[in-house]
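The values are calculated or read from the model by the stated rules, or taken from the named source; none is laboratory data. Please read all numbers here as calculations on a predicted model, not as lab measurements. Don't worry about glycine lacking a Cβ; one is built from the backbone with ideal geometry, like all the others, and counts go over all protein chains shown.
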Amino acid sequence: MPSVTDRYNPLDPEVLRDPYPALAELRQREPVFWHEGMDLWALTRYADSVRVLRDHATFARDPRRTGGAVPEPSLSVQTLDPPQQNRIRSLFMTALRAQDLTGIEDRARRLVRERLDHLTGGGPFDVVAEIAVPLSVAVVADLLGVEPPPYGEFAAVSDAIMRSMDGGLNPSLVEPGRVARQQLSDLVDSWFAASPRPGLLARVRQAAAPGSDALTRLYVKNTARVMFQGGYSTLAAAAGNAVHTLLTHPGALGRMRDETLLAAGVDELVRFDGPVQGTTRTAVRTCRIGGIDITPGQKVVALFAAANRDPAAFPQADELVLDRAPNRHLGYGWGPHSCIGTAVAQAGLRALVAALNGHPARLVAAGEGVRRRTATMRAFDTLPAALLP
């Protein structure tokens, strides 16, 4: 009989459909295990994952700290480790806090309402293409203060970038991802060259002005690209997962009509079936995790999907508990490398849930969804549903 680690293939159709039973078995039997295919140590417990994400001195995100190279288009706030990243991250977080998130959420809710009006009574539709993608592009463009790119075109570019994150499992995905990143970089350059509308880019643009430090300009532009792509792909994946969870948990959507439950409920939807499945770090010195010796240069992956269902951190971990508190999940990562736009993603999800609850039509499943064959991001390719008048 193969070992439990041999049976864990993140791209296996059954694991893509429901990874949580396999991850629970791993967490119980081999909480820290070596994965040959990914050539790294995988962590399944919440405490171990948080430790790795907190300990920047021992676990590097920046490959250059362990002798690796980083191509210029990848140098951003998500590549750098503290303290090198502090200035750029602070610049973006300050700009983010200055944005009108309430207004962004209100506009997102109106957009979803309009989409629902259009789709009601028209038969089955794809939640991803018709709701998740338009919502996510609009929310991130609204945040940055730019004209939203065409939904379909940008979805294709984002998909190539997202799939390239699994390049370690499938090297053929790397080059299409590189091309897509260049396309997105060109789009971001056009935003900086033009006079943007009020928004986050308007506030960080001065740091990327011609008279500023060349490296700072590079970091700012690349971070803007990462923020647009990462914010879009994370929100689109989270929206699809959230709708699927609501469709398979009767009564959950209706309970979230209670505004006091909306924010906590959205947080729980992300914990229960989150978009980001994990993140990788490289050990810069010898350490020990869960009885396993990690040597310098070895990689470790914190499996968020496993950590978010760890019963040691979350009572009733496999149940959807809409009023869960506290709920310090890893759905968007943790600490300085967490998604910069977490607050905006949560606003987008609240807008989605509120619009569904405020619409007279009833959302129902219209068939089985098809999961995207990606290991890093958990998302749907298609999710059929219908709105019954």
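Quick rundown of the values:
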read-out	value
Total residues in region 372-384, condition surrounded by 21 or more Cβ atoms within 10 Å (Cβ to Cβ) and closer than 27 Å to Gly121 by Cα	3
Any hit, region 218-241, residues being surrounded by fewer than 19 Cβ atoms within 10 Å (Cβ to Cβ) and more than 23 Å from Arg109 (Cα to Cα)	yes
Meets criteria (outside any helix (DSSP H, G or I), out of contact with any Phe, Trp or Tyr (no Cβ under 8 Å at 6 or more places or on another chain) and either modelled with pLDDT under 95 or surrounded by 20 or more Cβ atoms within 10 Å (Cβ to Cβ) (or both)) for Gly152	no
Arg89, sole failed condition from (1) surrounded by fewer than 18 Cβ atoms within 10 Å (Cβ to Cβ); (2) under 19 Å from the mean Cα position of the chain (by Cα); (3) in a helix (DSSP H, G or I)	(1)
Single match in Thr120, Thr79, Thr66 (criterion: within 30 Å of Leu388 (Cα to Cα) and among the polar types (S, T, N, Q))	Thr120
The one condition in (1) in contact with a Ser or Thr (Cβ under 8 Å, 6 or more places away or on another chain); (2) within 30 Å of Pro150 (Cβ to Cβ) that His244 fails to fulfil	(1)
Verdict on Trp34 being among the aromatic types (Phe, Trp, Tyr) and touching a helix residue (DSSP H, G or I) at 6+ places or on another chain (Cβ under 9 Å)	yes
Residue in region 194-201 that is in contact with a Leu (Cβ under 6 Å, 6 or more places away or on another chain) and crowded, with 22+ Cβ neighbours inside 10 Å present	yes
Residues satisfying the stated conditions in region 116-140, i.e. buried (at least 17 other Cβ atoms within 10 Å of the Cβ), assigned to a helix (DSSP H, G or I) and touching a residue at least 60 places away in the same chain (Cβ under 8 Å)	Leu116, Leu119, Val127, Val128, Ile131, Ala132, Val133, Leu135, Ser136, Val137, Val139, Val140
Single unsatisfied condition, Gly265 versus (1) of a type in the set (Gly, Ala, Ser); (2) buried (at least 18 other Cβ atoms within 10 Å of the Cβ); (3) free of Cβ contacts under 8 Å to residues at least 60 places away in the same chain	(3)
Residue in region 216-223 that is touching a residue at least 40 places away in the same chain (Cβ under 8 Å) and of a type in the set (A, V, I, L, M, F, W, C) present	yes
Qualifying residue in region 275-290 (condition: among the hydroxyl-bearing types (Ser, Thr, Tyr), surrounded by fewer than 19 Cβ atoms within 10 Å (Cβ to Cβ) and free of Cβ contacts under 8 Å to residues at least 60 places away in the same chain)	yes
Entirely in region 4-54, the helices (runs of 4 or more DSSP H) that have 3 or more residues that are crowded, with 18+ Cβ neighbours inside 10 Å and touching a residue at least 12 places away in the same chain (Cβ under 8 Å)	20-29, 46-54
Selected residue [in contact with a strand residue (DSSP E or B) (Cβ under 9 Å, 6 or more places away or on another chain) and modelled with pLDDT of 95 or more] from Gly254, Gly274, Gly265, Gly290	Gly274
Condition met for Pro250 (within 26 Å of Phe92 (Cβ to Cβ), free of Cβ contacts under 8 Å to residues at least 24 places away in the same chain and either among the basic types (Lys, Arg) or surrounded by fewer than 18 Cβ atoms within 10 Å (Cβ to Cβ) (or both))	no
Hits in region 209-228 (condition: part of a helix (DSSP H, G or I) and farther than 19 Å from Ala141 by Cα)	Ala214, Leu215, Thr216, Arg217, Leu218, Tyr219
Residues being crowded, with 16+ Cβ neighbours inside 10 Å, part of a loop (DSSP other than H, G, I, E, B) and of a type outside the set (S, T, N, Q) - total across region 291-342	16
Residue in region 70-79 that is loosely packed, with under 14 Cβ neighbours inside 10 Å, under 18 Å from Ala224 (Cα atoms), among the small types (Gly, Ala, Ser) and touching a residue at least 12 places away in the same chain (Cβ under 8 Å) present	no
Checklist (1) closer than 22 Å to Gln277 by Cα; (2) in a helix (DSSP H, G or I) applied to Ser190, failing item	(1)
